[in-house]
1. Across every pair of different alpha-carbon atoms, what Kirkwood hydrodynamic radius in Å does region 12-320 reach?
2. In whole percent, what relative contact order does the chain give with Cα contacts below 8 Å and a gap of six or more residues?
3. Taking only Cα atoms, what is the 0 to 90° angle, nearest 10, from helix 43-55's long axis to the longest principal axis of the chain?
4. A 30 angstrom limit on the alpha carbon distance is what I want to check against. Which of K8/K206; K223/K317; K238/K326 exceed it?
5. So, in Å, what gap is there between the alpha-carbon centers of region 137-178 and region 297-367?
6. For a quick check: sort I309, I159 by the number of other beta carbons within 10 angstrom, fewest at the front.
7. I need the phi-derived Karplus couplings for region 57-73: 6.51 cos²θ - 1.76 cosθ + 1.60, θ = phi - 60°, integer Hz, Gly and Pro marked x.
8. State log₁₀ I(q)/I(0) for region 291-333 at q = 0.14, 0.16, 0.23, 0.26 Å⁻¹ as given by the Debye formula over alpha-carbon point scatterers of equal weight, solvent excluded.
Amino acid sequence: MIHCDFQKAPFIVIWELTRACELKCLHCRASAQNMRDPRELSLQEGKELIDQIHAMNNPLLVLTGGDPLMREDVFDIIEYAVQKGVRISMTPSATPNVTKEAIKTAKDLGLSRWAFSLDGPNREIHDHFRGTDGSFDLTMDAIRHIHAFGLPLQINTVISTYNIDYLEEMAQLIEGLDCVLWSVFFLVPTGRAKREDMISPVQHEKAFLWLSRLAKEAPFDIKTTAAQHYRRVVIQQKMREAKDPHMQIRYEHALEKGKIDVIGGLGRAPKGVNDGNGFMFISHIGDVYPSGLLPVQARNVREQPLADIYCESAIFKDLRNPDILKGKCGVCEFRHVCGGSRSRAYALTGDYLESDPSCIYIPKALR
């Protein structure tokens, strides 16, 4: 089931089970810690949360952290979600917690997908980025177990100044790992991530063009995060490739109405998912945010039902209205399908409605 009305329900929900993690990643959004927080949502609260998520037209649910495997009840949570009919995946850290037994248990319970992070094509780059020696080897060993048990594999990569020059090598590595999806994150300077870790606007554009070419031939799907203008790049390419003038007009009308599903080739969601628009994040203590990269709290699930927070809170309503965006994003013809990264705008300007500073495109209205 794909959600079409992001005013009423999200396409994807991220639940940060815990902030505890054994890694020391340089870019960690959560500034993860060694110990669990005693204020974490309990197992019973987690089950009630899953009930609320399911009632919101059953979006995708991703368990993240920290490291979800730092919670002893993580498999109870997965089991409850699967029995409820929720499509659930998990993004654990590559630590000794990732055992063959843990992977088999997740598979037997019905986990939809297991995601691992790989941020470099070799030990040196990946381990440096993850702040932990041996992380690369642990990840590769765990991936072999994933395949042995027939569990679909997703690879997450954060693009930053640390690895921007190694994209070709990364793609070769990803292809050899037989994953179903390469989820490519573009660094936002929040948490431990610093501004100088973020690639330049020109590098963003070049990376998008490279990814769009790769997507046409790669045996795996490609999804981007905090890179909404990747959609603009793909649409521009399709418009240039369209020989039929009627198709050009159709694309232009689709842009005006925000209906990019007629264009195709842009991923699984029918239109542009963005922070707070088809997307929501629940912290380990129940605080609700538009995304994990946009640290402006709406409310807490212990105080208000999740659906009410998503539909009624001021920040979520603002983020679902591209016509109130500021600067060039506010007049851009792609604002309904792109909208720019709201989290990056907030991180770099302090205003989540400002233009995304990482975009080099000049809208027609400003030429």
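1. Working: mean 1/r = 0.0494 Å⁻¹.
Kirkwood radius, region 12-320: 20.3 Å.
2. Values: 717 pairs, mean separation 64.6, N = 367.
Over the chain, the number comes to 18 percent.
3. Compared with the principal axis, the helix lies near 30 degrees.
4. On the way: K8/K206 35 Å; K223/K317 25 Å; K238/K326 27 Å.
Exceeds cut-off: K8/K206.
5. Answer, in whole Å: 31.
6. Values: I309 22, I159 25.
Fewest-to-most ranking of I309, I159: I309, I159.
7. Ordered by residue, 3J(HN,Hα) equals 6, 6, x, 5, 10, 10, 8, 9, x, x, 10, x, 6, 6, 9, 5, 9 Hz.
8. Evaluating at q = 0.14, 0.16, 0.23, 0.26 Å⁻¹ gives log10 I(q)/I(0) of -0.41, -0.51, -0.83, -0.94.
Read-outs: derived from the displayed coordinates by stated rules, not from any lab. Since this is a predicted model, take the numbers as computed values, not measurements. When we count neighbours, we look across all protein chains shown, and the Cβ atoms used for this are built from the backbone with ideal geometry, even at glycine.
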